Amino acid sequence: MSPLLRITDLVLETGPAAAPVRPVSHVGFEVAHGEAFGLVGESGSGKSLTLRAVIGLLPEGVRQAGGTLELERDGAMRPYRFAEVRGRGIGMVFQEPMTALNPTMRVGDLVTAGPRARYGWSRRAARSRAVDLLAEVGMPDPKAQARMWPHQLSGGLRQRVMIAMALATEPSVLLCDEPTTALDVAVQDQILRLLHRIRTERGLSIVFVTHDLGVVRRLCDRVAVMYAGQVVETGRVEEVFTRPTHPYSAGLLRSMPTQDTPRDRPLAAIPGGQPGAGDRPEGCRFAPRCGHALPACAGLAHVLAAVPGSPSRSACIRVADLGGPPLDREALLSPLPGGTA
Amino acid sequence: MIHSGRFGFVGRRLLQAIPLTLVLLLLVFAMLKVVPGDPAMQVAGPRASAATLQAIRVQLGLDQPVWEQFLHYLGRIATGDFGTTATGSTKVGTLIASGAPVTLVLLAVSTVFTVLIAGATALLAARRPDGLVDRMINVMAAFGVGVPTFWLGIVLLAGVALPTGAFPIGGWGDTPATVLRAAVLPALALSVSVAPVLMASLRSGIVEARRSEYHAAAQAAGVRGWKLTRGFVLRNAAVPPVSLLAALTTLLLSGAVVVESTFGLPGLGLSLTQAAQNRDFNVIQGLTLVFSLAVVVVNLVGDVLVAFLDPRVMV
Ligand SMILES: Nc1ncnc2c1ncn2[C@@H]1O[C@H](COP(=O)(O)OP(=O)(O)OP(=O)(O)O)[C@@H](O)[C@H]1O
Ligand code: SF4
Ligand SMILES: [Mg+2]
């Protein structure tokens with residue numbers, strides 16, 4: 001598959017320029033045409049900042065201090081300016097549909113705000129387009145709902161509106177920052193199916209940020225595991241989920257409940273906590289929590305290297321010694337449940 | 001369905017204004033009842049006989065029960081009859097009719113100035129929150145709120161009107177052009193104390209909107225430039241200032257009373273000042289009614305405007 005989006009050596013800084021803190025350091029990944037790519041990790045690992053950096057919407061006080069961002073256009077990967085790709089190539093779905101939809105605009109106007117600004121569509125033309133888009137994302141009564149206000153809709157419907165708004169500009173990549181976290185479990189499932197359907201129908205690529213491994217398993221083809229502002233392992237989802245090549249990924253997977261996990265048995269959690277952006281250890285940042293750590297790990301330069309005998313890439317030097325049988329994650333590998341979104 | 005929501009909201013607000021207006025009328029009516037002294041004695045003079053006083057009481061309707069007097073008062077107000085001034089020379093209604101346009105123009109020009117000043121400074125200040133410009137505007141705003149309106153009026157007369165000759169030294173005009181020119185300086189004096197309050201509210205609204213997720217979502221969708229500012233910043237930021245502006249009308253009205261005296265403008269404020277000096281109760285009562293009704297109307301308009309800007313307030 002040919003690459004569509006490539007992030008290389010992304011460095012994000014906060015704080016004074018003289019003594020910056022780097023919540024994201026040298027993160028890189030590549031997303032192919034039509035691929036769903038997952039970005040997982042604990043809270044604070046830098047997933048959201050990475051995603052926002054892709055479209056240049058970093059929060060106040062965070063700046064990009066390095067890295068290349070490229071998008072495929074006319075058959076070649078080219079670095080892009082944000083103004084070129086916003087609403088034309090890259091779209092974004094936010095976590096909180098309540099706060100990400102302007103409360104003072106009607107749903108229909110909101111959905112087509114992008115193309116109206118971008119291509120100068122007339123309001124009238126935009127109206128019928130808005131109804132089409134709302135129908136595409138499965139709104140039950142698109143005509144009536146186009147005339148409603150965001151606050152009149154349920155959380156699930158609001159998230160559908162958010163997705164329609166992002167789709168309105170016909171992006172080739174959809175960035176999704178935990179788009180289901182704010183929703184009920186049943187509604188989460190509907191939104192995941194919707195994203196899966198849209199992706200198939202439109203041949204869209206998706207970058208999906210989440211801390212929920214189950215969601216990655218269901219939706220994504222490939223995954224990057226982030227820890228303390230770095231990617232520690234990346235690979236195909238089936239591989240990473242059955243034969244993780246980094247102790248952090250393995251720990252995350254062990255702490256994930258499956259259908260077979262008895263309710264009363266506590267999940268195996270990784271001891272300790274993730275270091276904050278300001279106090280990260282030298283060398284492998286996972287070392288203080290790692291059961292396999294050696295003295296050498298503290299002097300390690302961060303490199304995502306190919307793993308012998310595995311298609312994944314890992315930042316762990318002991319990957320060859322981790323060995324052991326593959327994790328029994330068969331329960332996680334069930335395909336996306338049937339039914340339409 | 002949504003439209004009926006908005007119009008239903010306006011209708012309900014109009015209905016709510018009716019009892020409020022009645023209470024206002026009752027209070028203004030009661031004003032005269034608590035004024036010390038016998039009104040009949042005031043008309044007839046201190047040496048009138050008991051019989052004369054009684055005749056005057058009957059003539060004024062003072063022998064009737066209070067609620068009947070109130071109904072009578074309502075009837076008079078409905079026909080625009082506010083009584084006569086203390087000297088008996090002029091009808092209070094005529095006084096109001098001649099003063100109202102002056103005060104209305106003054107308030108209108110001042111509102112325009114207030115909105116322009118507040119809008120421009122808020123946009124400037126919000127460009128870089130806590131930056132140098134923001135802080136300077138903040139200091140100026142604090143000064144604007146604190147400076148006495150009458151003092152500012154005198155400074156404008158002495159510092160601008162006198163040396164430039166571009167504006168009259170007080171007084172009003174008789175053509176639209178001269179009226180507007182006469183209104184500029186007093187309106188400015190009036191705006192300076194009100195605009196900072198509006199500016200602060202607008203500024204924080206703009207900063208908040210720019211930090212919001214819906215602003216980021218709009219940018220992600222490719223909305224930018226003026227469309228972004230208008231649709232995803234100003235529209236949201238305008239909601240609190242609009243209701244605030246309605247609430248500030250009382251401040252503008254009391255400011256108008258001061259400014260009209262300073263600049264010698266023949267408006268309602270000047271009439272009120274003079275009536276207060278002459279203890280002319282009919283005039284005071286009439287003007288109080290007009291001022292408080294104006295506040296009711298402006299707040300009604302403000303509520304409706306807010307509802308059109310932010311649909312969530314319609315409950
Ligand atoms: N606006 C900001 N200013 C300064 N530092 C920030 C800002 N936003 C995030 N950070 C820092 O960057 C780190 C990563 O934040 P980010 O939001 O990307 O984490 P995340 O992986 O998305 O976590 P979560 O699962 O909680 O959403 C945070 O721990 C915080 O220290
Ligand atoms: S490099 Fe060392 S400390 Fe880091 S994960 Fe591998 S074994 Fe653990
Ligand atoms: Mg996040």
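The values are calculated or read from the model by the stated rules, or taken from the named source; none is laboratory data. Just so we're clear, the structure is a prediction, and the values are computed from it rather than from any experiment. For neighbour counting, all protein chains shown are included, and Cβ atoms are generated from backbone atoms with ideal geometry for every residue, glycine included. For accessibility, only protein heavy atoms count, side chains too; no ligands or nucleic acids. Shrake-Rupley method; radii C 1.70, N 1.55, O 1.52, S 1.80 Å.
Structure data summary
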quantity: Cβ charges +1 (Lys, Arg) and -1 (Asp, Glu), total dipole of segment B:2-78, debye; calculated: 360 debye
quantity: Centroid-to-centroid separation of segment A:227-244 and segment B:10-84 [C-alpha atoms, Å]; calculated: 85 Å
quantity: Distance in nm between pseudo-label sites at B:F150 and A:T200 (7 Å out along the Cβ direction from Cα); calculated: 8.0 nm
quantity: Cα-based shape type of chain B, given that a ≥ b ≥ c are square roots of the gyration tensor eigenvalues and the cut on a/c is 1.5; calculated: oblate
quantity: Unit charges on C-beta of K, R, D, E only; dipole of the protein assembly as shown, Debye; calculated: 900 debye
quantity: Rg to Rh quotient for segment B:2-78, alpha carbon positions, Kirkwood Rh; calculated: 1.27
quantity: Calculated FRET value between A:A83 and B:L180, using beta carbons and R₀ = 56 Å, to 0.05; calculated: 0.80
quantity: Cα-based helix-to-principal-axis angle, A:155-167 vs chain A, degrees rounded to 10; calculated: 80 degrees
quantity: Per-residue HN-Hα couplings for segment A:83-88 [Karplus 6.51, -1.76, 1.60; θ = phi - 60°; Hz; x = Gly/Pro]; calculated: 4, 6, 9, 5, x, 6
quantity: Spin-label pair B:T87/A:E238, simplified geometry with 7 Å Cα→Cβ offset, distance in nm; calculated: 10.3 nm
quantity: B:A120-A:A19 pseudo-label distance in nm [points 7 Å out on the Cα-to-Cβ vector]; calculated: 4.3 nm
quantity: With all protein chains modelled, accessible area of A:I270 [1.4 Å, Å²]; calculated: 30 Å²
quantity: B:T288/A:R73 FRET efficiency (R0 56 Å; Cβ-Cβ; nearest 0.05); calculated: 0.20
quantity: Helix-only [θ]222 nm of chain A, DSSP H runs n ≥ 4, -39500 (n - 2.57) each, per residue, nearest 500; calculated: -8000 deg cm²/dmol
quantity: Rounded to the nearest 20 debye, dipole of chain A from Cβ charges on Lys, Arg, Asp, Glu; calculated: 960 debye
quantity: Gyration tensor verdict on the protein assembly as shown (Cα atoms; rounded if a/c is under 1.5, prolate if a/b is larger than b/c, oblate otherwise); calculated: prolate
quantity: Ellipticity estimate at 222 nm from DSSP helix runs (n ≥ 4, -39,500 (n - 2.57)) divided over chain B, nearest 500; calculated: -25500 deg cm²/dmol
quantity: For B:K33, solvent-accessible area (1.4 Å; no DNA, RNA or ligand), Å²; calculated: 100 Å²
quantity: Neighbouring partner chain Cβ atoms per residue of A:153-159, average, 10 Å criterion; calculated: 0
quantity: Tilt relative to chain A, helix A:185-202 - C-alpha long axis, 0 to 90 degrees, to 10; calculated: 80 degrees
quantity: Span from the segment B:109-151 Cα centroid across to the segment A:118-166 one, whole angstrom; calculated: 39 Å
quantity: FRET efficiency, 1/(1 + (r/R0)^6) with R0 35 Å, evaluated for B:A276 and B:M41 via beta carbons; calculated: 0.95
quantity: Helix runs (DSSP H) in chain B reaching 24 Å along axis by Cα, Kyte-Doolittle at least 0.5; calculated: B:2-33, B:92-127, B:176-211, B:239-263, B:281-309
quantity: Three-way shape label, segment B:217-315, alpha-carbon gyration tensor, a/c 1.5; calculated: prolate
